[in-house]
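J.: Structure incoming, see below.
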Amino acid sequence: MPKKNTETLPTATPADRIEEDGSKNTAAATAPTPPGPARSVRTADVDGKAPEARQPTPEELEAMLQGKNRSHFEGLGDAWAVLTGQNPAAIMPQIVGTIMHEGGTRPSWQWKRNGKDHVLLAWPKDQPVRASLLVRGAEGEKLAPVTAVPLLDGLPNDLTVEEVHPWQSGVEANVAVSMIQGKNPMWFFDPLYGRDYEDLTPGITHTFLLAGLAYGLRKALLDQVTITQGPRYEAYAQAWLEENPGKSRLDVPPLKVAVTGRHLIMPGRHFCEYQMRAAVEEVEDCQLEKMPVKLLYLSFPFENRAPLRLPVYASKMVLGEYVPEKGQEVDAYVWLQGRIIDMDQGPQQ
């Protein structure tokens, strides 16, 4: 499990390097296909549906590379589906019941807001990937379930808050953070927004525990990609025409760019979803009930700051027969989750 965030829960007593220049890059079209429609599963009255999965058109691809036309999808059905391998709506009552009876909590997962007590319960207590349940109620009264969220242990990264998009539930949010000033922000889902919201002030830097859940992951297939549009291609085309007098724009060949050994992060269909390429630095095994899960450690280097360190969880349902190994390059479609670092990292009370 993530090495700087090891934690054990007690039984309770009552969740770029982004291509900044907008270059058209065919690597995006080769990323693993994310899941299809999955109904949002919540214990509160908030749900929705994900759009059909399909390959983008060239125009949509260019917009994706620039992070345009994304939406804030407020649903967790896809995440539950890849972690359980089942219809989330069918098994959610069982998940909620298990967490209520066997889940654990910690002081930093408990807070008061608007006269109500909030407690996050998580199960199992010995795994870095857990099922969690937020319960709340009037102070001193019985606590009722609000929302169930896959909870991922992450690794600490210092990131600056740019923007917050609260979910309709009021207890979760999508959070945008910057790694390099002036560059496109990166978005992640904060399952503890109800606790973190007062600290999520734009311009303020926090240490966030960041992790990813793979909706699709496979061994990288391409050694190079073709670029035919965008600022990078335009500069290449101009240089080629200067070197080849008498030739026309139609004669300019596609720009081939080697991607072996490169680290890429490109926006996905929704905020908090990204297409990634990176080398696996380490692999560990974990499990959520009966679903085996591989924990892959990735990192994304930057010139003027510390690398982004990202543990990515990939379930057996996502991997199929593929067994990722240390040193392999992988293509992945990942949903990011993060929260301000928990202050109580010691033994549980």
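The values are calculated or read from the model by the stated rules, or taken from the named source; none is laboratory data. Everything numeric here is computed off the predicted structure, so don't read it as measured data. Backbone-built Cβ (ideal geometry, glycine too); neighbour counts: all protein chains shown. Just the protein is used for accessible areas: all its heavy atoms, side chains included, with ligands, DNA and RNA removed. Shrake-Rupley method; radii C 1.70, N 1.55, O 1.52, S 1.80 Å.
J.: Would you work out which of 173, 186, 143 lies farthest towards the positive end of the dipole of region 142-193? Charges go on Cβ: Lys and Arg +1, Asp and Glu -1.
T.: Farthest along the dipole direction, towards plus: 143.
J.: Show me, for region 272-280, the HN-Hα J-couplings you get by feeding each phi into the Karplus relation (A = 6.51, B = -1.76, C = 1.60, θ = phi - 60°), rounded to Hz, glycine and proline as x.
T.: After applying 6.51 cos²θ - 1.76 cosθ + 1.60, I find 5, 10, 9, 8, 10, 9, 6, 8, 6 Hz.
J.: Shifting gears a bit: In whole Å, what is the distance between the alpha-carbon centres of region 256-328 and region 107-168?
T.: Between the Cα centres of region 256-328 and region 107-168 lies a distance of 25 Å.
J.: Holding the Cα-Cα limit at 21 Å, pick out from 219/326; 183/294; 256/326 the pairs that are longer than that.
T.: Pairs exceeding the cut-off: 183/294; 256/326.
J.: Continuing with the same structure: May I ask you to rank 285, 342, 199 by accessible area, largest first, using a 1.4 Å probe over the protein chains only?
T.: 285, 199, 342
J.: Sticking with this one: Between residue 255 and residues 5 or more places away or on another chain, which pairs have amide H atoms under 5 Å apart, with H built 1.01 Å from N, and which residues are they?
T.: Residues meeting the criterion, in which the H sits 1.01 Å from N, are 227.
J.: Expressed as a rounded percentage, what relative contact order does region 222-305 have, with Cα pairs under 8 Å and six or more residues apart?
T.: 22 percent
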